[in-house]
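Enquirer: Supplied in structure tokens, the structure appears directly below.
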Amino acid sequence: MGWLDRIKLQLTGHSIAPKASFSEAYSRFSFGYSLSDYRQIYETDDLVNQCINILAHFATQKGFETKIKTLSPDLDPEDHKDVKRKVDQINERVNLDHILYIAEVNRQIYGFSVFEVVGKYPEVQKIIPLRPEYTKIEVGDDWEIEKIEYRTTKSGVIEYTPDEVLIFVNQDLNGDYRGISKIKPILKSIEIRRELQEDIKQVSKRLWAPMVIASVDTSAVPEDQEASLLEQFKNQLKPGSSIITNKSIDVSTVSISPNITALVHSLSKVEEDIMGNFGVPKALLAREKTLSRATLEFSLKAMYEGPIKGIQTYLRREIESQFYKRIVKGIDENLLDEIRVLHKWKPVSMLEYAALAEPIANLVAKGVIDVPTAWNLLDLDTSYLRKVKGSPIQSSIAAWVEVEE
């Protein structure tokens, strides 16, 4: 008896043999998982699926804006509106919002995600996600990508140069662009959860359909027909149904009182480990029995300031350095000495926006910065200020806070 069976014996009073795993990848606590196995876990495990989707959704759902940053104070961003317009057109054409969502989902499943960029910069036409399990990334002695090979069933091996792909990696500890799957640290928890779910299913049956022991007198049955007769009777034993027998069959039931409450509690603890790995609050997964508004706000704020902000920071830096920079270079290589295109995420929630606005409002109230500067810091449209010049709106930010005399 293994250690898991001993735990079951203590919780339920008996040991239930686990059902065979749904695929060979789920051999007991085997760490010989492939990238395809991680994908299968994502597709079949509801909790893992929800956690990954929630993080990707919250990180990308509100969209983004682009902004021109000049590398010299003598340069004016307004002089490069055409570059911003070109970048925005490409982003809309390739549906970059959705691409970044897929990038984060795949990054968490596989440890890295890869996309083919269709079209030469700056005339990019499409961005296509590639399956990481079919992708081989070769890194040179200088730790730079030399080439990317993608194996397909129709075309064989397709080779890409670094400029023809976008790569997003989760925890690239070795510099090999493979990263670490967010699923890998919780493989044990996932397997235990599956077994507990199967145990609860079996235990639930015993609560309304007791175990039946039937003694069948086969003394008058020819030996060559005995096995067939027993099998035929066994097939009639269905929970909730009645059978008719003669006196040669004696049926009795065994009463079993498993501790299903303890099993459900154990399942809840395992699920907390899985949710904790992703940093997703239980409230968002409908696994919080009682929830106050304060608790919900605290949980959401912790998620925004933790995993969501980390995801957005990483995606922003990669899309600026890999994608926007190549677009600018395609327009005019000399522009790389003058400007950068920035990726500005829109606030995920009013909680995040309020946290940003409060210190800026304090700076305005104390006279450190003026209102137009504050609007720039908040990424608000300063042209609106010019339209209402002299109106109370120019002092509205200062009115948000009380200034101590």
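Enquirer: When Lys and Arg each count +1 and Asp and Glu each count -1, what net charge do the other residues less than 14 Å away from residue 159, Cβ to Cβ, add up to?
Expert: Once all neighbours under 14 Å are counted, the net charge is -3.
Enquirer: Points 7 angstrom from Cα along the Cβ direction at residue 159 and residue 202: gap in nanometres?
Expert: 5.4 nm
Enquirer: Using 7 Å Cα-to-Cβ label points, what is the residue 329/residue 224 separation (nm, one decimal)?
Expert: Computed distance between label sites residue 329 and residue 224 equals 8.3 nm.
Enquirer: Mind scanning 81/346; 184/344; 120/147; 84/182; 62/147; 62/309 and naming the pairs with a C-alpha gap bigger than 25 Å?
Expert: Where the Cα-Cα span goes over 25 Å, the pairs concerned are 184/344; 84/182; 62/147.
Enquirer: Quick one: length gained pulling residue 232 to residue 368 fully straight, 0.36 nm per residue minus the C-alpha distance?
Expert: 40.0 nm
Enquirer: Under a straight-distance cross-link criterion of Cα-Cα below 19 Å, which aspartates and glutamates are reachable from residue 234, leaving out those fewer than 8 residues away in the same chain?
Expert: 217, 223, 224, 226, 250
Any read-out appearing in this document is the output of simple, stated calculations on the displayed coordinates, not a laboratory observation. Small disclaimer: the values here were computed from a predicted structure and weren't measured. Quick reminder, even Gly has a Cβ in these numbers, built from the backbone with ideal geometry, and neighbours come from all protein chains shown.
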